[in-house]
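Student: Quick one: the structure is below, questions incoming.
The values are calculated or read from the model by the stated rules, or taken from the named source; none is laboratory data. The structure displayed is predicted, hence computed values, not measured ones. So basically every Cβ, Gly included, is an ideal-geometry build from the backbone, and we count neighbours across all protein chains shown. Accessible surface areas use protein heavy atoms only, side chains included; no ligands, DNA or RNA. Shrake-Rupley method; radii C 1.70, N 1.55, O 1.52, S 1.80 Å.
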Amino acid sequence: MDYRDRQGLKGDTLAAFVLAFLLAAVWTVRDWHQLSALRLPDTDDVMRLQQIRDWLGGQRFSDLAQHRLGAPPGLAMHWSRLPDLVPGGIIAGLTPLIGRHMAEMTAVIVWPAVLLTAALLLTARIARALGGAEIARTALIVAAIAYPTTTIFLPGRIDHHGLQVVLLLIVVHALVHAPDMSRGLTAGLAAALSIAIGLETTPLIAAAGVVLVMCWVWGRRGADDALMGFGIALAAGLLAANTVLKTEQFDFAGCDGFTATVWRASQFAAFGPIVLAIAGHASARRDVRAALAVALGATSLWGLWLVAPACLSPYGGVDPLLARLWLGNVGEAQPLFAARPEIAIGYAGLMVAGIAASLWCWRTTRDAYWAVLLAFQLAALVLTLAQLRGAYAGAILAAPALAAVIAVARRRGALWLAAAWLGSAGMLYPIAANAFVPQAGSTSSAIRMPAGPGCTSPEALAALAGRDGRLIAPLDLGAYALASTRLAVVGAPYHRNNAGNLAVYRFFLGTPDQARSIAQAWRLDYVALCLDSFDELGEAVTGDRHRLLGQLRQGRIPPWMRPIGRNSTGLTLFTLEPRLFAPHSSR
């Protein structure tokens, strides 16, 4: 690295740090009421915090079960311990100095800010590699307002999505440079870590493999070494993860996290690049290499189907009733075209603009590295068509090409520049979509967005504090109750919890007699309900007077339930005491 490169790196690092922590400070002040009470933005964030607490409180490093969730002895979570390490380290290190509450507040604010800094820096470095210094800092700014990516770096967002985006950017950064062994090793290790965290970015990891294979087929200098390095690092990284991060839930029969099934499948796939890199020494002809790549690709797909058929349907184990009532309404798991138009535009708008910009950059410059970036963007679009969460990667990957468009517009005049910036401002897409797209008449949402204040606000959760026993509540409230109380909880929004989540829906949507049977079977102590609970199911369901939910909304309370509090946030709490049950009660 020469002097100019070192100066560019220092400047990019400083700019990313200042911008990230300025945004973090503004967001923290805005959300201070929630953050100061550790009411985090999303159910997954608050569950991540509880997972860290359990670990620091003595639960084994390899035990990721939530022992107060679902049926005893608890729910085997599909998560990884890897995203717990840094926030857990912050909490453990600061607790003796400033107390646990302040240490936890520090961790949930600082860790997302660190990840945002890394994401902005990597985006600037990718842009600098593609278009030079002229677009690097502009890309950094575009990335800082790249909705919906920015939402996963807000204070409190300590779940794994932000870390996975950073790992993906490491892969992309490695592949927009001349291929060599070190670049391949870097990309392979980052890919292995991402797979060990979760499977959301697997299609993008596959895109990295396709890029490397295409470079190998084309016979680019260093491509053999890069492909070999990628395969070696991927296989070794997964082996290390299997040793260090293997959980007690590792043998769960599913393809929804870093399970034995996923490990076998990913190890099988990791040897593909190694085999091709070795085979490349036999011939440098493109047609021969292309035939080898196609043959090995087909063999790999067949082998993956044999060793991991569950991966064809990661959520196949979800009960059909839950798939219809709950999973079909989870926001980030929705297909793009199943979302309301304003939500689809808000999520995918910047990504589509970035794809168009990258295509223009590639056709204008004929630089193959723009095609590399475009490949990742198209993979993100395909993922978004299946699940909206793909837009997290797609939006930030749009920044380098949009920065290049802004640079050209700057030379053409103020009107061109204003139009380029408007098209590059990701936060404007949801605003414009909500302003101009006609709203549906129904108040039910086709997308279940992260829970807002209200019945999961600090004031509402305070009504549950200090109580012991077992609680049944709507799923989102169940997650927050786990982290803010000592209560055991029947249901929370996690797909492995079939028994508990089914019990929640059957309790509230069944008749009072059916609900009473569930209360007895689960030995419930408390019931919590919010004013807007189950609104996503529509008035025909929530207003049905034959259902317990409909009766509670009308103020008709069964004799075995006794209200013990309702606050201004809309949360109503009931107790189920033994004497309120019939004599045949099992309690």
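Student: Would you check which residues across the range 544-563 are open to solvent by less than 30 Å² (accessible area, probe 1.4 Å) and either touching a helix residue (DSSP H, G or I) at 6+ places or on another chain (Cβ under 6 Å) or at positive phi (or both) and list them?
Tutor: Once the filter is applied, which keeps residues that are open to solvent by less than 30 Å² (accessible area, probe 1.4 Å) and either touching a helix residue (DSSP H, G or I) at 6+ places or on another chain (Cβ under 6 Å) or at positive phi (or both), the range 544-563 yields Leu548, Leu549, Pro558, Trp560.
Student: Let me ask another. Would you please name the residue that is nearest to Leu121 (Cα to Cα), looking only at residues in the range 1-26 that are under 29 Å from the mean Cα position of the chain (by Cα) and without any contact (Cβ under 8 Å) to a residue 40 or more places away in the chain?
Tutor: Taking the candidates together, the pick is Leu14.
Each row is one residue, and each column tells you yes or no for (1) among the charged types (D, E, K, R); (2) within 27 Å of Arg486 (Cα to Cα); (3) in contact with a Phe, Trp or Tyr (Cβ under 9 Å, 6 or more places away or on another chain).
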residue: Phe21; (1), (2), (3): no, no, no
residue: Val29; (1), (2), (3): no, no, no
residue: His33; (1), (2), (3): no, yes, no
residue: Ala37; (1), (2), (3): no, yes, no
residue: Val46; (1), (2), (3): no, yes, yes
residue: Met77; (1), (2), (3): no, yes, yes
residue: Ser80; (1), (2), (3): no, yes, yes
residue: Gly88; (1), (2), (3): no, yes, yes
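Student: Going by what's in this entry, would Thr364 be described as without any contact (Cβ under 8 Å) to a residue 24 or more places away in the chain and either under 30 Å from Asp535 (Cβ atoms) or assigned to a helix (DSSP H, G or I) (or both)?
Tutor: The answer is yes for Thr364.
Student: Here's a follow-up. In the range 453-477, which residue that is part of a loop (DSSP other than H, G, I, E, B) and farther than 18 Å from Phe574 by Cβ is modelled with the highest pLDDT?
Tutor: Only one residue tops the list, namely Ser457.
Student: Okay, moving on. Within the range 62-90, work out how many residues are under 22 Å from the mean Cα position of the chain (by Cα) and open to solvent by 60 Å² or more (accessible area, probe 1.4 Å).
Tutor: Result for the range 62-90: 2.
Student: Pairs please, first residue from the range 138-160 and open to solvent by 10 Å² or more (accessible area, probe 1.4 Å), second anywhere and modelled with pLDDT of 95 or more and among the aromatic types (Phe, Trp, Tyr), Cβ atoms under 6 Å, 6+ apart in sequence or on different chains.
Tutor: Leu154/Trp27
Student: Also, I was wondering about something else. Please list, ordered by first then second residue, the pairs with beta carbon atoms under 7 Å, 6 or more apart or interchain, first in the range 30-49 and closer than 19 Å to Ala465 by Cβ, second at pLDDT 95 or above and open to solvent by 30 Å² or more (accessible area, probe 1.4 Å).
Tutor: Matching pairs, first to second residue: Leu35/Ile109.
Results for (1) open to solvent by 20 Å² or more (accessible area, probe 1.4 Å); (2) touching a His at 6+ places or on another chain (Cβ under 8 Å); (3) assigned to a helix (DSSP H, G or I), shown as yes or no for each residue.
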position: Ala479; (1), (2), (3): no, no, yes
position: His495; (1), (2), (3): yes, yes, no
position: Arg516; (1), (2), (3): yes, no, yes
position: Ala521; (1), (2), (3): yes, no, yes
position: Ala528; (1), (2), (3): no, no, no
position: Val541; (1), (2), (3): yes, no, yes
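Student: Can you tell me which residues in the range 254-264 are polar (S, T, N, Q) and part of a loop (DSSP other than H, G, I, E, B)?
Tutor: Thr259
Student: Identify the residue in the range 399-431 that is hydrophobic (A, V, I, L, M, F, W, C) and under 25 Å from the mean Cα position of the chain (by Cα) and, among all such residues, is farthest from Trp362 (Cα to Cα).
Tutor: Looking at the filtered set, the residue picked out is Ile431.
Student: Go through the range 556-587 residue by residue and tally those that are farther than 16 Å from Ala473 by Cβ, modelled with pLDDT under 90 and part of a loop (DSSP other than H, G, I, E, B).
Tutor: Selection size over the range 556-587: 9.
Student: Looking at (1) closer than 23 Å to Ala37 by Cα; (2) open to solvent by 40 Å² or more (accessible area, probe 1.4 Å); (3) among the acidic types (Asp, Glu), find the lone condition where Glu134 falls short.
Tutor: For Glu134, the exception is condition (1).
Student: Also, quick follow-up: Within the range 395-430, which residues are outside any helix (DSSP H, G or I), open to solvent by less than 50 Å² (accessible area, probe 1.4 Å) and more than 13 Å from Ile135 (Cα to Cα)?
Tutor: Residues of the range 395-430 that are outside any helix (DSSP H, G or I), as a first pass: 398, 413, 425-427.
Checking which are open to solvent by less than 50 Å² (accessible area, probe 1.4 Å) leaves us with 398, 413, 425-426.
Once the filter is applied, which keeps residues that are outside any helix (DSSP H, G or I), open to solvent by less than 50 Å² (accessible area, probe 1.4 Å) and more than 13 Å from Ile135 (Cα to Cα), the range 395-430 yields Gly413, Ala425, Gly426.
Student: Something else now. Only one of (1) under 30 Å from Leu23 (Cα atoms); (2) touching an Asp or Glu at 6+ places or on another chain (Cβ under 8 Å) fails for His173. Which number is that?
Tutor: Among (1) under 30 Å from Leu23 (Cα atoms); (2) touching an Asp or Glu at 6+ places or on another chain (Cβ under 8 Å), the lone unmet condition for His173 is (2).
Student: To continue, here is another question. Can you find even one residue in the range 98-116 that is among the polar types (S, T, N, Q) and either within 22 Å of Thr485 (Cα to Cα) or touching a strand residue (DSSP E or B) at 6+ places or on another chain (Cβ under 6 Å) (or both)?
Tutor: Within the range 98-116, one or more residues are among the polar types (S, T, N, Q) and either within 22 Å of Thr485 (Cα to Cα) or touching a strand residue (DSSP E or B) at 6+ places or on another chain (Cβ under 6 Å) (or both).
Student: For the range 379-392, name all the residues that are open to solvent by 10 Å² or more (accessible area, probe 1.4 Å) and closer than 22 Å to Leu422 by Cα.
Tutor: Taking the range 379-392 as the starting set, the residues that turn out to be open to solvent by 10 Å² or more (accessible area, probe 1.4 Å) are 379, 381-383, 385-387, 389, 392.
Passing the criteria: Leu381, Tyr392.
Student: Hey, another quick one. Take the range 73-94 and flag every residue that is out of contact with any Leu (no Cβ under 8 Å at 6 or more places or on another chain), touching a residue at least 24 places away in the same chain (Cβ under 8 Å) and more than 23 Å from Ile170 (Cα to Cα).
Tutor: Passing the criteria: only His78.
Student: Also: Quick one: which residue in Thr43, Thr13, Thr28 is of a type in the set (S, T, N, Q), surrounded by 15 or more Cβ atoms within 10 Å (Cβ to Cβ) and touching an Asp or Glu at 6+ places or on another chain (Cβ under 6 Å)?
Tutor: Thr43
Student: What residue, among those in the range 274-292 that are open to solvent by less than 20 Å² (accessible area, probe 1.4 Å) and assigned to a helix (DSSP H, G or I), is nearest to Asp225 (Cα to Cα)? Even if it seems obvious, please write down each step before you answer.
Tutor: Within the range 274-292, the subset open to solvent by less than 20 Å² (accessible area, probe 1.4 Å) is 276-277, 280, 289.
If we keep only those that are assigned to a helix (DSSP H, G or I) too, we end up with 276-277, 289.
Numbers: Leu276: 11, Ala277: 7, Arg289: 15 Å.
Out of the qualifying residues, it is Ala277.
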